[in-house]
Amino acid sequence: MAFGRRRGILALVPSATFLFILLYLWNINHTPLSASRHPSGGGAQQQQPIKDWQPRPEFSFWSQLPKHYPPTSMRPLPQGRPVRFPRVQATNFPAEASGTRRRQLRERREAVKRTMARCWGSYRKYAWLADEVAPVSGAQRNHFGGWAATLVDALDTLWIMGMKSEFKEAVDAAEMGINFTTTDIRDVNIFETNIRYLGGFLSAFDLSGDVRLLRKAAEVGEMLYKAFDTPNHMPITRWDWQSAARGHKQEAPASVLLAEIGSLSMEFTRLSLLTGEPKWFDAVQRIADAMAAQQDDTSLPGLWPLAVNARDAIFNEGTLFPLGAMADSAYEYLPKMAALLGGQLPMYKTMYEKAMNAALKYNLFRPMNPTGEDILVAGQVRADGRGKFNLDPEGQHLVCFLGGLMALGGKLFERPIDMDAAVGLVNGCIWAYKSFPHGIMAETFYSIPCNKSSPDARAVEEAPCKWDENVWKREVLRKAGRDTDKDAEALAAAADTVIANNRLPKGFTSLPDRRYILRPEAIESVFVLYRVTGAEELLDVAWDMFTSIEKATATELANSEVRDVTSPEKPKPADSMESFWLGETLKYFYLIFSEPDLISLDDFVFNTEAHPFRRLVAA
Ligand SMILES: *[C@@H]1O[C@H](CO)[C@@H](O)[C@H](O)[C@H]1NC(C)=O
Ligand SMILES: *[C@@H]1O[C@H](CO)[C@@H](O)[C@H](O)[C@H]1NC(C)=O
């Protein structure tokens, strides 16, 4: 709902239709914010920095704390012109052409909004300014610093759903009620704080133009920047903030997770773009430079190991190469940085292409499944350092983000092979959802990879493989640690017991984690693929996902993580609702049922917490 863009259209087209004027008036009436607005229009070229972004004096502790290791050089923001990327969104959305379909979509998004209103209402009533409301007991939870994680994560969702009075109340409360000078937790998780709080404020600012939100972004940005005050300017990802506040020197740890160090770039860069202050961009660009320099020298060239050494800026030692948990968003941010910066730094495209070329060859696999569906899953690879790679065929809900990402990368960089993989990966997650009794996939699972024609073949180029019940049962026993050295009949009988006891759907060989914790990645990728292809059937896939999730997780107050999605009855709630349910999952559900120009992927790029940032686009 880009205010600036609408105004831009009116300025450019003096004979704007009545409809535009109506929209314009509607927007004024529904944005009762005493805020300054984007001086330049929507997805425009390089924009002028916003004035008055500095934290208020009461909140300027971190910016005034002396630095031990001020950088001797500061990389300026790119000054060039954005390149013209190919269009990301489809040009044709068949669903938009049918009146019946449009009415149905309106009902669907209203249903999503009702869920949002229920959850937000409970948060407001029982846990206002706490991180989370517990959705069964109504208790307050503070796992993310106690800075109102749910409130900040949900701001842009409220805006997008047109819940403007709730939005205003939340911004008013955040302005003075959230204080990043202090917290009760010992170690601040820099990554989570970055994606949820900094990302949440930036995107709420990008949508509303309320400068108070940019100030809050700068406040949290100043705190996060202190974690980079180390000899080599690499960040401390789990940060003892009290020690830093007391003025002690600090250094980055020798072992950090790839995702935690590699997914700070979008938020820091957007903050620098909006404020004109380059220090945040400089800080994350140092990380990207080190990753780029070492990308070809890892034991799986193109990918970085799960754990890297921040203290010595070593990104190429280690043997485990997942794309899911603890690695995921480091890859996600490569094409997204290209989109955010209008392609001004070609290194991000290069890094993305190298990473996906490796993933297509080694991580992506076709899981053997009973109906022979042409689907893909992204597993993790163990390298022995001598050119031998072992695939661990684990699937994760988290790694479902990859389908959407490869659809975006495939469009931006015109890589049809990525588009093919994207479709396979999204269908893999849809298959996993449909395989479970409540229509929701488990947090993690194992399956059986189909054999490749050669070790060098890309998963997307392989023919589908045939279902073999005996192969499945043997693997079920092996995963359960049972003896497989039996005749066929005994093997099948033993496996049937394991399958029944563990409630394994066909094709799944074990379920290390049976929870569903309200995660967004499956609907995220379905949403992106819908916007990219316009494929109407994805709307019904999304509706099935939404109704399944609502049915299995709704509580009187809100929605709850559930303990076991294989349970024959309604799964037991775990009394937890992380902020991403409101920040991400419900937002993607709402957007897929909305008109495709609401947060168009040609104007916005989502951070890993589903916060849309404005892209720099060619004039
Ligand atoms: C924020 O917290 C710090 C440390 O407790 C305190 O000194 C400061 O006054 C607080 N700021 C506001 C505006 O409450
Ligand atoms: C792959 O090939 C091996 C060796 O021929 C065989 O034992 C295994 O069952 C095959 N896997 C699948 C999924 O077909």
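The values are calculated or read from the model by the stated rules, or taken from the named source; none is laboratory data. It should be emphasised that the depicted structure is a prediction, and the values quoted were computed from it without experimental measurement. In this analysis, Cβ positions are derived from the backbone assuming ideal geometry, glycine residues included, and neighbour counts consider all displayed protein chains. We work out accessible area using only protein heavy atoms, side chains counted, and drop any ligands, DNA or RNA first. Shrake-Rupley method; radii C 1.70, N 1.55, O 1.52, S 1.80 Å.
Structure notes:
- Residues in region 160-202 that are of a type in the set (S, T, N, Q) and more than 24 Å from the chain's Cα centre (by Cα) were compared, and the one that is nearest to Arg614 (Cα to Cα) is Ser165.
- Met577 meets each of the listed conditions (1) outside any helix (DSSP H, G or I); (2) open to solvent by 30 Å² or more (accessible area, probe 1.4 Å) apart from (2).
- Scanning region 376-395 for residues that are in contact (Cβ under 8 Å) with a residue 60 or more places away in the chain and over 19 Å from Val476 (Cβ atoms) yields a total of 8.
- Arg124 vs. criteria away from ligand 2 (no atom under 16 Å from the Cβ) and in contact with a strand residue (DSSP E or B) (Cβ under 6 Å, 6 or more places away or on another chain): no
- Among the candidates Ala618, Ala574, Ala558, Ala552, the residue that is modelled with pLDDT under 95 and either small (Gly, Ala, Ser) or touching a helix residue (DSSP H, G or I) at 6+ places or on another chain (Cβ under 8 Å) (or both) is uniquely Ala618.
- Residues in region 172-227 that are open to solvent by 30 Å² or more (accessible area, probe 1.4 Å) and in a helix (DSSP H, G or I): Asp172, Glu175, Met176, Gly177, Glu192, Arg212, Arg215.
- Filter pass, Ser137 being free of Cβ contacts under 8 Å to residues at least 12 places away in the same chain, more than 16 Å from ligand 2 (Cβ to nearest atom) and among the small types (Gly, Ala, Ser): no
- Residue in region 150-166 that is within 14 Å of ligand 1 (Cβ to nearest atom) and either part of a helix (DSSP H, G or I) or open to solvent by less than 40 Å² (accessible area, probe 1.4 Å) (or both) present: no
- Checking every residue in region 481-492 against the condition of being within 16 Å of ligand 2 (Cβ to nearest atom), of a type in the set (Val, Ile, Thr), over 29 Å from Gly534 (Cβ atoms) and under 32 Å from the mean Cα position of the chain (by Cα) gives zero matches.
- Residues in region 271-307 that are closer than 24 Å to Ile50 by Cβ and in a helix (DSSP H, G or I): Leu271, Ser272, Leu273, Leu274, Thr275, Lys279, Trp280, Phe281, Asp282, Ala283, Val284, Gln285.
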